[in-house]
Structures are given as C-alpha cells and as structure tokens.
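Each remark here refers to the structure printed beneath this line.
The values are calculated or read from the model by the stated rules, or taken from the named source; none is laboratory data. Note that this is a predicted model, so its numbers are computed, not measured. Note that each Cβ is placed from the backbone with ideal geometry, even for glycine, and that neighbours are counted across all protein chains shown.
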Amino acid sequence: MRRVLIATSNPGKLRDFAGAAAVHGIEIDGIPNFSSLPLVVEDGHTFEENARKKAEEYSRYVPGEIVVADDSGLEVDALNGAPGVHSARYAADEPHLADANTDDEANNARVLRELKSIPPAKRTGRFVCVLAAARNGKTLATFRGVAEGVILDAPRGTNGFGYDPLFYFPQIRKTFAELSAEEKSKYSHRGAAFRQFLDWCEKRISENAI
C-alpha cells in the first residue's frame, strides 16, 4: 500500500495526488501503458458514477493493485451547477455529447462569457471531486471532497490546470493556480478527497484488511 496507481493521463492530476501523498510516504504512479488502454466513456450523471466506472474498468488491467480514479469539476451557482460533470469538455457545442475533452483555455473562456453580467457577490461556486478506489473490477470505497470559492472575471496564476486560474479561494486570498502542488493539496477538493482515501488506507492496513 505504499504505492497507489492513478487512472489518469493528466499530469496536473498526478501532481495534485503526489502533493497530497508525499507527507504520507506514499508513491503515486500512473497505470502502466495507460495511454494504450481502451478509453472509458464517462457517461454518468454524477461525479461518483463516473469515478466508479473508471476505477472498476481500469483496475481490471492491473490485477491485485488498488486503482484510484476520480471525476471532478466546477459547479457554478449562477449557471445552475454547470459545467458540473461536463467540466472537461464544456467548450464543446454540446458538452454532453462530446467524446473528447476541450482545451482548458476554451473551457475557461466559456465560463467567463456566461458570467459576464453576473456581479461578484453572485459568482460563487465550488470544485467537487469524487474518488473511487477499486481492485479487480470492484469498487472498494468512494470519497468526496469539496472546495468553496468565487469565480473571478479574469484568470490569475500559472500553476494548476483546468479552471484553477479562475477559482479564487477566499480563505487564502489566492486562486488555485497561484499555489504549488503541495499548497494546493491542503485546500483543494482533490486533496480533501485524497486525504480521506489515505485515512481509509491506514485504517485498512491496521486492521489487516488489505
């Protein structure tokens, strides 16, 4: 359990997980030859459905290993919770039908356009992350993390990925794109969910359940 395989090819996500795991002495790796594996279609209606589907299907390629998959996104109150589960492909004409992610800058640009007439006090939103841990095609547990913030009217910061440059976290007066991976892990939705996973791991180890 000192190594966790993450079902993603997104280097930003791998950095986020590595930042959260470092203090626990856990090594983060991607699934070997992940890019050559068949793509799992994320057609769930919730973050949990997508996370469970990915974790279960990808864990079948690495028997005996615990695989963690996540689904995460931005929910903006003024947009009735959009982009939500379609966050990674929000710039598409019909995000719910898109079969590939769209560019981060294009996704951010669409959010900014849709919030153009919304005053700062009503630009509230949150990042949500659901992690699923699976082994041999079966989900073992899920974990949910949330970070509440405000959507700015222009990007700030050069770190992070996705909507990080627009997501202002009032508690530290910075956007997530202005934080290092280690700093971000302390406050982010993904860091919160992953800490729950790490706690679960330690408990299972102490009970000899893993």
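Annotations
- Here GLY137 meets each of (1) in contact with a Lys or Arg (Cβ under 9 Å, 6 or more places away or on another chain); (2) buried (at least 16 other Cβ atoms within 10 Å of the Cβ); (3) over 18 Å from ASP77 (Cα atoms); (4) not aromatic (Phe, Trp, Tyr) with one exception, condition (2).
- Residues being in contact with a strand residue (DSSP E or B) (Cβ under 6 Å, 6 or more places away or on another chain) and without any contact (Cβ under 8 Å) to a residue 60 or more places away in the chain are represented in the stretch 90-100 by at least one member.
- Only listed residue being surrounded by 19 or more Cβ atoms within 10 Å (Cβ to Cβ) and either at pLDDT below 95 or at positive phi (or both), chosen from GLY30, GLY19, GLY44, GLY64: GLY19
- Condition met for LEU131 (of a type in the set (A, V, I, L, M), farther than 27 Å from TYR61 by Cα and modelled with pLDDT of 95 or more): no
- All told, VAL85 meets the bar of being of a type outside the set (S, T, N, Q), touching a strand residue (DSSP E or B) at 6+ places or on another chain (Cβ under 9 Å), over 22 Å from ALA18 (Cα atoms) and buried (at least 18 other Cβ atoms within 10 Å of the Cβ).
- Residue within the stretch 166-177 that is out of contact with any Gly (no Cβ under 6 Å at 6 or more places or on another chain), touching a residue at least 40 places away in the same chain (Cβ under 8 Å) and either crowded, with 21+ Cβ neighbours inside 10 Å or of a type in the set (Asp, Glu) (or both) present: yes
- Contacts under 9 angstrom Cβ, first residue in the stretch 29-44 being closer than 15 Å to HIS86 by Cα, partner of a type in the set (Val, Ile, Thr) and surrounded by 15 or more Cβ atoms within 10 Å (Cβ to Cβ), 6 or more apart: GLU42/VAL85; GLY44/VAL85
- Lone qualifier among ARG156, ARG144 - being over 19 Å from GLY84 (Cβ atoms), modelled with pLDDT of 95 or more, among the basic types (Lys, Arg) and not in a helix (DSSP H, G or I): ARG156
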